[in-house]
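The values are calculated or read from the model by the stated rules, or taken from the named source; none is laboratory data. Small disclaimer: the values here were computed from a predicted structure and weren't measured. Please note: Cβ atoms are built from the backbone with ideal geometry, for glycine as well, and neighbour counts cover all protein chains shown.
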Amino acid sequence: MLSNWTNRAQGLALAAAIAVLGGCATSKEELLTHGDRTMMDIWQQETGDSAGGGAGQVARRQLLDARQSLRRPLTEADVQAAPAEQMRYTRTARNEIHRQFQRLPNPDLVMYVFPHLTGTDPVPVPGYTTVFPLYQRVQYAMPGERVEDY
């Protein structure tokens, strides 16, 4: 009875090994077929570098249009507003004393510590209250982010 069971287990193990090894016998070309185009050919076609045109030319045109919208010329209003905008970030004797980077609020937390025993020789510690800031360090806002005082 025991040998019959071991023969079946060996047969199943052999069948599993054959199935696993049969999967490794498949070639890459059969699984991942591709045409005769190289990666350079695909790149050139999609970016419009080749003379063939097609989708690459459309993508190239869209890219040029997007770049052109970013390269718009300055209007007269932009030119007039530039010095005032730059003055907000320029340090002068007049604005030297004013803070450009306002501190963000750091609320205090109040914690009550209950009476407890501490140390290797249990020493009683009475209950007490302590105050500590919420954030470990001071945080600052960018100029113009925070206008109200606190």
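For the stretch 44-56, the criterion of being at pLDDT below 70 and exposed (fewer than 10 other Cβ atoms within 10 Å of the Cβ) is met by at least one residue.
Counting only residues that are modelled with pLDDT under 80 and in a helix (DSSP H, G or I), the stretch 18-41 holds 10 of them. Selection over the stretch 83-126 of residues that are closer than 19 Å to Met142 by Cα, more than 32 Å from the chain's Cα centre (by Cα) and at pLDDT 80 or above gives a count of 1.
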